[in-house]
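Right, one structure below, let's go through it.
The values are calculated or read from the model by the stated rules, or taken from the named source; none is laboratory data. Computed from a predicted structure; not experimentally measured. Virtual Cβ from ideal backbone geometry, glycine too; neighbours counted across all protein chains shown. Heavy atoms of the whole protein, side chains included, go into the accessibility calculation; ligands, DNA and RNA do not. Shrake-Rupley method; radii C 1.70, N 1.55, O 1.52, S 1.80 Å.
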Amino acid sequence: MTSEFQHQKEFYWKIRDELLRKYRGKWISIAQNKIAAVAESLTDALKIAYENTNAKIMYINKVGEEDKAMRKRIRRYNIEYEPSMPMIDVLIGRLDGLSRLETEGIIDTGADTSVLPEEKCAELGIYEFQVAEADVGGIGGGFERRALYGTMMEIIGNNVPAIIDCRNDTFETIIGREVLNEFVIILDGKRLNIGIRDP
């Protein structure tokens, strides 16, 4: 955890009583020692805060629901893909647009947040963009406190903000619901076809 991230987190908790009075149930982003965004979703708080400040480091949480809002579940997959695994092409980029990476991602409606292997996170240089921390766990496992990073994902020509968990225990890119919920997706397992569009 970066000291700048810790500083923004401490500022959030310092003004939490005020946040509870004004913004209970809203997602708040703290950047540059101020409220950088108030939003209805985690990804909107990331997008608005970055547009407003260009801050690489910020702290995002849901006011009054901090403990449960930042508990994320990541599902594990069979690496042999039997049965077939639904996947789509995705272009992942830094918030500042300085680097981008094209890859294939698993559509995972069970994952609260997206996942990248650590080597892809390093290649993109997204460790500069810590935006949150969460208790992350998989099926049947305990929770682990993890740093989360802000990126942009381009799918079918649409850029959406993404919250990334960089992991050393997978080689797959997993696209979680914080991104998938921005699209209409139809999985046709019978025909091994995926329909995806921007509503």
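Annotations
- Taking the range 1-14 as the range and being among the hydrophobic types (A, V, I, L, M, F, W, C) and surrounded by 15 or more Cβ atoms within 10 Å (Cβ to Cβ) as the test, the residues that pass are F5, F11.
- For N52: the one exception among (1) assigned to a helix (DSSP H, G or I); (2) touching a residue at least 60 places away in the same chain (Cβ under 8 Å): (2)
- Odd one out for P199 among (1) within 14 Å of the chain's Cα centre (by Cα); (2) touching a residue at least 12 places away in the same chain (Cβ under 8 Å): (1)
- Top-ranked residue of the range 41-90 - restricted to ones that are β-branched (V, I, T) and open to solvent by 50 Å² or more (accessible area, probe 1.4 Å), ranked as modelled with the highest pLDDT: I48
Let's see how each residue does on (1) open to solvent by less than 30 Å² (accessible area, probe 1.4 Å); (2) in contact with a Ser or Thr (Cβ under 7 Å, 6 or more places away or on another chain); (3) β-branched (V, I, T):
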{"site": "V136", "(1), (2), (3)": "yes, no, yes"}
{"site": "I139", "(1), (2), (3)": "no, no, yes"}
{"site": "E144", "(1), (2), (3)": "no, no, no"}
{"site": "M152", "(1), (2), (3)": "no, no, no"}
{"site": "D169", "(1), (2), (3)": "no, no, no"}
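- Test result for I186, in a loop (DSSP other than H, G, I, E, B) and either in contact with a His (Cβ under 8 Å, 6 or more places away or on another chain) or open to solvent by 80 Å² or more (accessible area, probe 1.4 Å) (or both): no
- Those residues of the range 105-134 which are open to solvent by less than 30 Å² (accessible area, probe 1.4 Å), in a loop (DSSP other than H, G, I, E, B) and in contact with a strand residue (DSSP E or B) (Cβ under 6 Å, 6 or more places away or on another chain), in sequence order: D108, A111, T113, F129
Residues checked against (1) touching a Phe, Trp or Tyr at 6+ places or on another chain (Cβ under 8 Å); (2) among the hydrophobic types (A, V, I, L, M, F, W, C); (3) part of a loop (DSSP other than H, G, I, E, B):
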| residue | (1), (2), (3) |
| --- | --- |
| R145 | no, no, no |
| L148 | no, yes, no |
| T151 | yes, no, no |
| I164 | yes, yes, no |
| T170 | no, no, yes |
| P199 | yes, no, yes |
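- Restricting attention to the range 15-40, the residues being open to solvent by less than 80 Å² (accessible area, probe 1.4 Å), in contact (Cβ under 8 Å) with a residue 40 or more places away in the chain and either in a loop (DSSP other than H, G, I, E, B) or not aromatic (F, W, Y) (or both) number 5.
- Of residues in the range 154-167 being more than 13 Å from the chain's Cα centre (by Cα) and of a type in the set (A, V, I, L, M, F, W, C), the one surrounded by the fewest Cβ atoms within 10 Å (Cβ to Cβ): I156
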